[in-house]
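Since the structure comes first, as C-alpha cells, the remarks are kept for the end.
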Amino acid sequence: MTLLARFISFTSITLKRFIFTATLIVSAITFATAIATVSWIFLRQSEDISAKNSLAMAGQIRASISWAMEEGRNLSDMTKTLESYQNSFPGRYTIAIHPGTTINPSAPPLPAENINLAKAFSEGAPIHQLTLSTFEHVFPFKAEAKCLGCHPGAQIGEVLGVLAIKEDIRESRDAFLRKFFLCFFLFLPIPFLMASLVSRFVNSHIGAAITNLNRKVHSVNCVADLSTLELELENEEHRFRELEDIFAEFSTFISRIKDVAVGKEMLEFEIKILERFIITSDSIRDWKERVNFLLSEVNTVMQAYTIFCIFQIKEEIYDIEIFWLTPPDESTKATMEEIILQRVGQEKNSLISTGAMKAVHNIANEHGPMLELDRYEIELQTKSLFLDIPQIGGVVGIGVQTQIAADPIRSLVINGILTTLLNVVGSIKAIYKYTKDLEYYATRDPLTNLFNQRVFWELIGYEIGRSERHGYSFGLLVLDLDNFKSVNDIYGHIVGDKFLAMTANTIRDCLRLGDVPVRYGGDEFVIVLPETDQEQVYMVANRIREAMAEMVVTTVGETKIRGTVSIGMAVYPIHAHTPRDMFQFADNMTYKAKNLGKNCIIIPTGDDVMEVFQRSSEVSRLLMQALEEKRIIPYFQPIVTTGDRKIVCHEVLCRIEVGDKILLAAEFIEIAEKFGIANRLDSILLEKVFEQVQAVGYVGSLFINLSPKSLIVKEFVPTIITLAHRFRIKHENVVFEITERETLKNMTILEDFVASLKLEGFKFAIDDFGSGYSSFQYIRRLPIDFVKIEGEFVRNMLTNSKDMAFVKTLAILAKEFGIKTVAEYIENEELLVAAHELGIDLAQGYYTGEPTSKLLLL
C-alpha cells in the first residue's frame, strides 16, 4: 500500500504526468487483454487442429493394425508395421501394442503408473489425454466372432489387447510460443505510443488552457489588472464545454473580487498618509501648527488644499478651524465656509446645526501661491465626516478638500482616513489643552487662580537671591482669614469657595503690577512684595485689611457675609535671611495678630524676632532631627464597647521623643505640614505601628489619623499597601480617620484616596463628626464605616439639652446609614452609660483608657 501511495503521489504531481500515466495504464491493460484473448483463441484452434491430426494418425495406425489382425498376421508382423510408422515420424510417435492374457498368458503385468492402459483393459473404451508435452491415445481391441478362429479361448467382447500411441507435441508447442513472443514484442510499443498520442492530444487542449490561465493570473499585480483579465477570459474559446464552464465561473469570481478588492497602490497610499498622523512630543507645543504640518505632510502623498475641523467650545458654541495649504482668496474662504455649513445642514446634525459657529482660518504656507477654487471644485472634491457626540478634544466634524476625492476608489480610502484624522486632530488638541492646563495648574491654585505653594517657595528663594545681589529689601505678608471655618460650617463649602475667590480678587486689586499673591493653603494667603521697605509693606497690608473689611459676599438667600483678616509681615533682610525663616517669622506674626483680637496687622519688633526664632527654630530643628533618627513613637488609646466595655480597638496617636520629653502632635503638626514633611511623618508612624502589631500579635482594629497633606502625595497610597503587606497586617483591621481640617478642600482628591484604599479592604472613619458642614458631605459621598462624634457635644450632653439632642440625632443618622458610632471625650461613668443608652456602639476617652506606648492585647 505504501508503494502504491507513493506511485499515485508521484504520478499526480503534474496534470501532464497524470494524463500520460493514466493513458499508459489504460493502453497497457487494453493491449494485454487483447493479446491474451487472441493468444487464447489461437491456442485453442491450434490444440483442435493438433487433436484432429493426432486422432487421424492414430485412427490410421489403428486401422492398419486392425487390417493386419484380420489378415491373420502375428504380433511380430504388427510390430514391424508400427515401427514403419515410427520411422516415418522419428521422435514424434511412440507406438506400442500390449496383448492381453488371453492372447499371451506370459505377458508381463502393466506398469502401475500407466493408468490409461489399465482403464482401457477394464472399460474397453478408447482414451485420449492431452498434457503439456504429449498427446496420448489408447485404443482397446475387443474380441469379435471372427476372432474366435485364431483365439478360441477368447470370449466375444473381451479386450484382447490395447494399442497405445503417444505423440510428442513439445516441438509444435515451442514453435507456437516463439511466434507468440515475437508478435508480443512487435506490438509492445503500441501502448506507449497510444499513451503519448492521447496525452498530447488532451494536454494540447486542457493543459494549454490551464497554462494560459496560470500565466494570466500571475500577470495580475493590481486591481486594474483584474479588469483586463476579466475581459480576456470573456473573449477566449475552448474545445470542451467543461473548460468553458470553469473559465466562466472564474470570470464571475474575478468580478466579485474586483468589487471588494483594494489595490496594493491604494493600501500603500493609505499607509503613506497614516504614517503622517503619528503623534509625537512636538504635537503638544501648538496643536494648530501640528495640523498645518500634517496638511503639508499629506501633500507629499496626495494633493490636498484644505483640512477643516469643527470643535465644540461650549454648549451650543462651535469653532470651525479651517487649515489651508496656501493662502486662499476671500471668495474661496467664503465659499468653503458656506459649503461647510451646508454640509452640516445636510447631515441634519442636531448637535451642530443648532449652535453658533465661528470660522477661523489658518495657513500652513503663508508664502505659497494664492489659492482660487470655484464652488463646483470645492463641492466635488470635499469629503467630510460629522458626529452626534463630541469626541476627544471636543471635535464633532472633520473634512478634507482634495482632487482625489472625485475618484470612487480613492474616495473610499479618504473616508477611512477621515476617521483616523478626526481622532488624531482631536487628540492633538486635547493633549495640547491638557498640557497647558497641567502647566497652569502646576503653578496655580484652581479656585483662586493665584500662584500655589510650590511656586511660592521658588519665588521667595529667587527674590532673596535677587535682593542680596542688588542690595535692596523686599517684604512678605502672611494673611489668615478670621472666622472662615464658621463660614464653611454655616453656609457650606460652595459659599466658602466663593468667599475665597472674592478674597483673592480683593487682594489682587490692592497690589502693584510686580507683586506676587499666593494661596498657600486653606484660608491662608501669602504675598511677596519686591523692592519694598517695612513702611511700604505695612501700607500694602493695611490697604488689604481695609479692603477685606469692606468686602461683602452675598449668598443665595441674600445673606451678606463680611470678613476680616489677620496679617503678619516680614522684611528681608531685617527679620530673616532664608525662605523658611522668612515664612516662619511672618506666619508667627499672623498668629500673634489672631491672639490679639484678629483683624489687625503686627509690625514686628526686635523682641518678636528673638522670640519667634528661638521657639520655631528649636521645634523645627527637633522635628527634622526626630524624622532623620525615626524617633516617632506611636501611642495607643483603647476604644471599648459601650455595653460590655470590652476593648475592641485602639486609636493611634503620634508622639515625638525629644530627650526625656515626649512632644504631643499639637506641638509639631502645624510645622510639619508647613515644611511639607507631614506625609513622611505619617509613613514612619505607620511603619512603627505595623511593626509593633506584628511583634505582639495584635488582632484588633486600629484607628489612624493621617495628615490631609499626605493625601495629595501620589506615592502615599502605595506606601500604605506596601507596609501592610510587609508586616502582614489585615487591611480590614486598619481604619483611617478623616478630619475636617481647613487644608482639605478638594473633595475629588479625598474621594480618589478613599476609593483607592477601600478597594484594598481598608476602612474609614470621620473624626469630630458633627463639628462642621463637611461632615455630612463626607457621610453622603464617601463609603464611611465609622463616625466619631465630636467630643465637645459628648462632654456636655448631660448638662446641655441641645448637645444631648445633637448627639442623639447624630447616632440615629449614623445608624440609618449603617455606620458604627464612637463617642469621644468619655471622661466618667455617667457619660459612658448615657452613650450606651443612646445606642452608640463604641466609646473613647480618659475614663475608658489613657494613651500608652504599649499596645494592649484584646
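The values are calculated or read from the model by the stated rules, or taken from the named source; none is laboratory data. Computed from a prediction, not measured in an experiment: that's the story for all the values here. Cβ sites come from the backbone with ideal geometry, for glycine too, and all protein chains shown count toward neighbours. To get the accessible areas, we keep the full protein, side chains included, count just its heavy atoms, and leave off ligands, DNA and RNA. Shrake-Rupley method; radii C 1.70, N 1.55, O 1.52, S 1.80 Å.
The calculated FRET efficiency for the pair ARG645 and LEU513, based on their C-beta separation and a Förster distance of 60 Å, comes to about 0.35. Shown in residue order for region 565-571 are the 3J(HN,Hα) couplings computed by the Karplus curve 6.51 cos²θ - 1.76 cosθ + 1.60 at θ = phi - 60°: 9, 9, 10, x, 9, 8, 10 Hz (x for Gly and Pro). Within the shell of other residues whose beta carbon sits under 9 angstrom from the beta carbon of GLY124, the net charge comes to -1, with Lys and Arg scored +1 and Asp and Glu -1.
Computed 3J(HN,Hα) for region 293-299, one whole-Hz value per residue from the Karplus formula 6.51 cos²θ - 1.76 cosθ + 1.60 where θ = phi - 60°, is 5, 4, 4, 5, 5, 4, 6, glycine and proline marked x.
In terms of the Cα gyration tensor, with a ≥ b ≥ c the square roots of its eigenvalues, is region 416-556 rounded because a/c is under 1.5, prolate because a/b exceeds b/c, or oblate?
Details: a/c = 3.11, a/b = 1.40, b/c = 2.22.
It comes out oblate by the Cα gyration axes.
Secondary structure note: in region 430-549, about 90% of the DSSP beta bridges are antiparallel. Here each label is just a point 7 Å from Cα along the line to Cβ, and for THR578 and GLN155 those points are 16.4 nm apart. When the solvent-accessible area of region 441-493 is split by element, carbon and sulfur atoms take up 52 percent of it, the probe being 1.4 Å.
Can you flag which of LYS763/LYS854; LYS485/LYS763; LYS119/LYS166 are past 20 Å Cα-Cα?
Values: LYS763/LYS854 23 Å; LYS485/LYS763 27 Å; LYS119/LYS166 16 Å.
As for pairs spanning more than 20 Å Cα to Cα, those are LYS763/LYS854; LYS485/LYS763.
Take each peptide in 597-605, 832-840, count the other Cβ atoms within 10 Å of every residue, and average; sorted highest first, the result is 832-840, 597-605. Computing FRET efficiency as 1/(1 + (r/R0)^6) for LEU197 and SER251, where r is the C-beta to C-beta distance and R0 is 45 Å, gives about 0.90. Gain on full extension, evaluated as 0.36 nm per residue between GLU816 and SER853 minus their Cα-Cα distance, stands at 9.7 nm.
May I ask you to compute the full-extension gain from LYS52 to ASN483, defined as 0.36 nm times their residue separation minus their alpha-carbon distance, rounded to one decimal in nm? Provide the component values of the computation, followed by the final result.
Numbers: separation 431, 0.36 × 431 = 155.16 nm, distance 15.17 nm.
Length gained between LYS52 and ASN483: 140.0 nm.
Label sites at GLN694 and LYS594, each approximated as a point 7 angstrom past Cα along Cα to Cβ, lie 4.0 nm apart. For ASP841, the amide hydrogen comes within under 5 Å of the amide hydrogens of THR821, counting only partners 5 or more places away or on other chains and with H modelled in the peptide plane. Estimated at 0.36 nm per residue, the fully extended path between ASP168 and VAL26 surpasses their Cα-Cα distance by 47.1 nm.
Under 1.5 on a/c is rounded, so check that first for region 759-858, then, if it is not, pick prolate when a/b is larger than b/c and oblate when it is not; a ≥ b ≥ c are the square roots of the alpha carbon gyration tensor eigenvalues. Since a/c reaches 1.5 but b/c is at least a/b, the shape of region 759-858 is classed as oblate. If R0 is taken as 60 Å, the Cβ-Cβ distance between ALA805 and SER296 corresponds to a FRET efficiency of 0.20. For ILE704, the amide hydrogen comes within under 5 Å of the amide hydrogens of VAL652, VAL735, PHE736, GLU737, counting only partners 5 or more places away or on other chains and with H modelled in the peptide plane. Our coupling estimate for region 716-721, obtained by passing each phi through the Karplus curve with A = 6.51, B = -1.76, C = 1.60 and θ = phi - 60°, is 6, 4, x, 5, 4, 5 Hz, Gly and Pro reported as x.
With the simple model of a label 7 Å out from the Cα in the direction of the Cβ, GLU123 to LEU447 spans 13.8 nm. Using the Cβ of CYS309 as centre and a radius below 9 Å, the other residues enclosed give a net charge of -1, where K and R count +1 and D and E count -1.
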